[in-house]
1. Taking the stretch 180-199 as the region of interest, how many residues are outside any helix (DSSP H, G or I) and in contact with a helix residue (DSSP H, G or I) (Cβ under 9 Å, 6 or more places away or on another chain)?
2. Is it the case that the stretch 159-179 has a residue that's farther than 23 Å from L52 by Cβ, of a type in the set (D, E) and in contact with a helix residue (DSSP H, G or I) (Cβ under 9 Å, 6 or more places away or on another chain)?
3. Applying the selection to the stretch 114-146, what residues are hydroxyl-bearing (S, T, Y) and surrounded by fewer than 24 Cβ atoms within 10 Å (Cβ to Cβ)?
4. Has the stretch 88-102 got at least one residue that is modelled with pLDDT of 95 or more and within 25 Å of E43 (Cα to Cα)?
5. Scan the stretch 36-63 for residues that are closer than 23 Å to S80 by Cβ, in a helix (DSSP H, G or I) and without any contact (Cβ under 8 Å) to a residue 60 or more places away in the chain and jot them down.
6. Please work out which one of (1) assigned to a helix (DSSP H, G or I); (2) farther than 28 Å from P41 by Cβ; (3) among the charged types (D, E, K, R); (4) without any contact (Cβ under 8 Å) to a residue 12 or more places away in the chain is the condition E161 fails and give its number.
7. Name the single residue that is nearest to R155 (Cα to Cα) among those in the stretch 69-102 being of a type outside the set (A, V, I, L, M) and surrounded by 17 or more Cβ atoms within 10 Å (Cβ to Cβ).
8. Tell me, yes or no, whether the stretch 107-115 has at least one residue that is part of a helix (DSSP H, G or I), at pLDDT 95 or above, within 24 Å of R48 (Cβ to Cβ) and in contact with a Gly (Cβ under 9 Å, 6 or more places away or on another chain).
Amino acid sequence: MTLITIISLALLTSVQDVSAQTSQRAEDPLRIESATPFQSPQERLTERLDALALANEAEAIPLIDEIHALWNNSGSDTISLLMDRGRAAELANNTDIAARMYDHVTALDPEFAEGWLAAGRVAAGFEDWAYALETLNTALTIEPRRYDAYMALGRVLERAEAWDAALEAYDQVLDIFPAHTPAITAKGRLEEALSGQAL
């Protein structure tokens with residue numbers, strides 16, 4: 001074997017090694033073993049609500065933002081537009097217009113809990129307690145861990161002087177979101193009031 005042949009073989013082997021390494025590096029970005037698994041919105045919501053049940057007040061803040069973003073996502077441009085108009089009307093104290101917007105939402109998408117919750121909030125403002133209770137309970141049937149719906153329900157029940165039912169609603173809030181300060185305050189205030197009446 002001549003020296004040229006030996007050198008040629010050595011160079012060929014070196015090129016093949018470099019080629020193999022380059023090929024391996026090119027394939028590495030395609031590896032998905034370590035990638036974050038895909039989560040559906042519902043899976044993400046469940047994960048965040050589970051975390052909320054263990055969070056303190058500070059830890060809850062980013063969780064709340066994400067949870068509400070997921071709850072607000074209707075998946076429909078029409079529903080989103082109606083909800084935006086309803087919220088704008090509420091902020092401007094145009095509650096009649098807000099109520100109409102939310103009624104359109106619940107008619108178009110009866111499975112969208114946010115629409116029922118908004119309708120219940122406006123109904124409570126009108127002191128239409130029967131419709132407020134109906135809409136809030138509908139929201140909770142669709143989304144059983146809507147702590148904000150339980151909070152609204154507790155306030156409506158207090159206005160109706162259904163004290164025990166209001167306490168139960170606040171307890172439901174705290175089961176889902178133990179660091180919910182308004183629910184802690186409302187429950188303590190109501191328990192103190194009821195204790196005073198009992199004496």
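The values are calculated or read from the model by the stated rules, or taken from the named source; none is laboratory data. Note that the coordinates shown come from a computational prediction; the quantities given were computed from them, not determined experimentally. For neighbour counting, all protein chains shown are included, and Cβ atoms are generated from backbone atoms with ideal geometry for every residue, glycine included.
1. Residues meeting the conditions: 1.
2. Yes, there is a match, as at least one residue in the stretch 159-179 is farther than 23 Å from L52 by Cβ, of a type in the set (D, E) and in contact with a helix residue (DSSP H, G or I) (Cβ under 9 Å, 6 or more places away or on another chain).
3. Listed by number, the residues that qualify are Y131, T138, T141.
4. Scanning the stretch 88-102, I find no residue that is modelled with pLDDT of 95 or more and within 25 Å of E43 (Cα to Cα), so the answer is no.
5. P41, Q42, E43, R44, L45, T46, R48, P62, L63
6. E161 satisfies every listed condition except (1).
7. E90
8. yes
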